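Following: one structure in structure tokens, then a few remarks.
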């Protein structure tokens with residue numbers, strides 16, 4: 001390009017024209033909402049009428065709001081379960097599949113299948129599975145003679161029932177880790193083989209250290225998803241029973257639904273802070289800044 | 001690995017396959033169960049959650065289609081997802097062309113800002129999106145959803161398409177320049193056709209997202225004229241209170257496009273994921 005640049009006059013009009021549509025979308029759906037959220041979090045505003053500046057009153061209110069505190073705690077449980085159960089499980093499977101056992105391609109495809117199905121559909125299936133008269137209770141009753149339980153209706157089990165339904169779907173993290181594991185040079189294993197290292201030793205001393213970077217990225221990402229968790233809980237329990245499963249996202253939604261817009265914005269600021277800034281910091285801390293490892297939820 | 005059939009090897013091998021098959025069962029069996037249940041009668045479902053239908057109740061599917069305004073909602077979903085895919089692919093391919101094939105100061109900053117959008121939890125934007133869409137008079141329209149879905153997928157698409165366009169050899173473009181191709185021709189005749197595969201990957205992610213999205217659809221629409229299928233199966237389930245098998249049939253209908261697309265395009269999807277990691 002540089003070499004031929006003389007013949008090819010720089011077309012600034014074309015460049016601007018081509019960047020414009022994306023920039024407009026990005027401005028209206030990322031930049032503007034960000035500053036809007038930040039701004040309204042310092043006002044008292046109920047959706048109509050003028051916004052009145054009221055300093056950090058919303059933040060003080062939110063900090064002592066028992067529902068929001070419960071939600072924050074639940075998000076932390078989500079983040080820990082996703083980061084420290086879902087990702088290690090995905091890593092274990094990736095380590096197995098990288099050795100290409102029979103049917104590994106099929107397994108890789110099958111494990112990702114739930115990720116392309118809508119949360120609504122999956123939530124409806126799992127509500128049915130957890131139903132008092134549903135398949136799970138039928139199986140547990142037959143196998144262990146357990147009494148039927150209302151998994152989603154009981155405050156002690158509800159959050160873990162929803163988390164289980166998320167954590168077992170390892171497809172996304174597994175595929176990322178598997179791709180990374182496949183890039184490890186085979187010669188490392190061959191050398192270890194010659195030295196008489198067992199498969200287990202090889203995984204422990206070669207695969208895991210080589211995966212460290214990807215593992216940190218996927219774990220921070222999984223925790224970020226945990227902090228912004230919304231859909232399957234909203235669909236399966238609505239945040240109940242008695243706020244037992246509520247999350248910051250659900251709290252934000254309910255505040256907005258109650259026309260407490262500026263308080264909803266304050267919750268939104270927290271979500272952005274905890275969901276975005278924290279991952280950025282964690283990534284910096286571990287010195288791994290894969291430019292893209294992300295999200296869409 | 002080969003000749004070490006020690007007891008430890010046997011045990012760990014068995015555990016390995018137990019793990020793999022348990023996770024497989026958890027991924028597949030709920031859907032199999034849903035499909036079988038959608039073909040049973042409600043009476044059969046009440047007697048036991050398991051069991052083979054005595055007779056396949058395909059009628060559940062026609063009941064589902066008639067009861068919940070499903071055809072209209074499906075049509076809305078098709079329009080929204082198709083338009084979001086078209087607009088998203090068009091605008092991101094244009095931007096990605098500049099970000100991958102043109103050289104100027106500030107280019108990488110623009111790229112970083114656009115792709116950093118993926119770090120932002122979109123659910124925290126419920127209030128501004130609602131306010132923006134209401135103020136522009138787009139509330140309860142398909143256009144609102146098309147705009148939101150197009151926009152939310154921009155960071156992912158920019159990432160995928162820019163990476164793909166960067167991998168196209170310079171020589172092809174240089175040859176075209178010598179042949180007298182200008183800016184627009186380089187885009188439309190050289191880069192765009194060569195990026196087809198990358199565009200399909202980005203489009204697939206955009207489609208799956210748009211087809212499956214729930215929260216924004218709930219937030220920004222209020223009537224059957226502009227609601228999508230996901231809201232249909234969630235909120236219109238009240239119409240099915242006693243008719244679970246038809247409800248399951250409705251759910252099966254809604255997952256056919258994404259599962260079908262996945263079966264055909266799974267190589268592209270997995271390739272897109274490993275290009276850097278994208279949540280589908």
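Reported count of residues in segment B:9-45, each being exposed (fewer than 12 other Cβ atoms within 10 Å of the Cβ) and at pLDDT below 85, is 1. Looking across A:275, A:239, A:268, one residue alone is modelled with pLDDT of 90 or more, in contact with a helix residue (DSSP H, G or I) (Cβ under 6 Å, 6 or more places away or on another chain) and either assigned to a helix (DSSP H, G or I) or on the phi > 0 side of the Ramachandran plot (or both). It is A:268. Looking at this structure, is residue A:170 touching a residue at least 60 places away in the same chain (Cβ under 8 Å) and buried (at least 21 other Cβ atoms within 10 Å of the Cβ)? Spelling it out, residue A:170 is indeed touching a residue at least 60 places away in the same chain (Cβ under 8 Å) and buried (at least 21 other Cβ atoms within 10 Å of the Cβ). Please indicate, with yes or no, whether at least one residue in segment A:114-131 is within 25 Å of residue B:15 (Cα to Cα) and surrounded by 22 or more Cβ atoms within 10 Å (Cβ to Cβ). Scanning segment A:114-131, I find at least one residue that is within 25 Å of residue B:15 (Cα to Cα) and surrounded by 22 or more Cβ atoms within 10 Å (Cβ to Cβ), so the answer is yes. Based on this model, can you work out whether residue B:139 counts as under 30 Å from residue A:261 (Cα atoms) and part of a helix (DSSP H, G or I)? Spelling it out, it is not the case that residue B:139 is under 30 Å from residue A:261 (Cα atoms) and part of a helix (DSSP H, G or I).
Residue B:147 fulfils the conditions (1) under 24 Å from residue A:38 (Cα atoms); (2) at the interface with chain A (Cβ under 10 Å from one of its Cβ atoms); (3) in contact with a helix residue (DSSP H, G or I) (Cβ under 7 Å, 6 or more places away or on another chain) except for a single criterion, (3). Residue count for segment B:36-47, restricted to those that are in contact (Cβ under 8 Å) with a residue 24 or more places away in the chain and at the interface with chain A (Cβ under 10 Å from one of its Cβ atoms): 2.
Looking at segment A:132-164 only, could you name the residues that are loosely packed, with under 14 Cβ neighbours inside 10 Å and either part of a helix (DSSP H, G or I) or within 9 Å of another protein chain (Cβ to nearest Cβ) (or both)? Of everything in segment A:132-164, those that are loosely packed, with under 14 Cβ neighbours inside 10 Å and either part of a helix (DSSP H, G or I) or within 9 Å of another protein chain (Cβ to nearest Cβ) (or both) turn out to be A:133, A:141, A:142, A:143, A:144. Here residue B:156 passes the criteria (1) within 9 Å of chain A (Cβ to nearest Cβ); (2) buried (at least 22 other Cβ atoms within 10 Å of the Cβ); (3) over 30 Å from residue B:227 (Cα atoms) except the one numbered (3).
The values are calculated or read from the model by the stated rules, or taken from the named source; none is laboratory data. Just so it is clear, the model here is predicted, and its values are computed rather than measured. Note: ideal-geometry Cβ built from the backbone for every residue, glycine included; neighbour counts use all protein chains shown.
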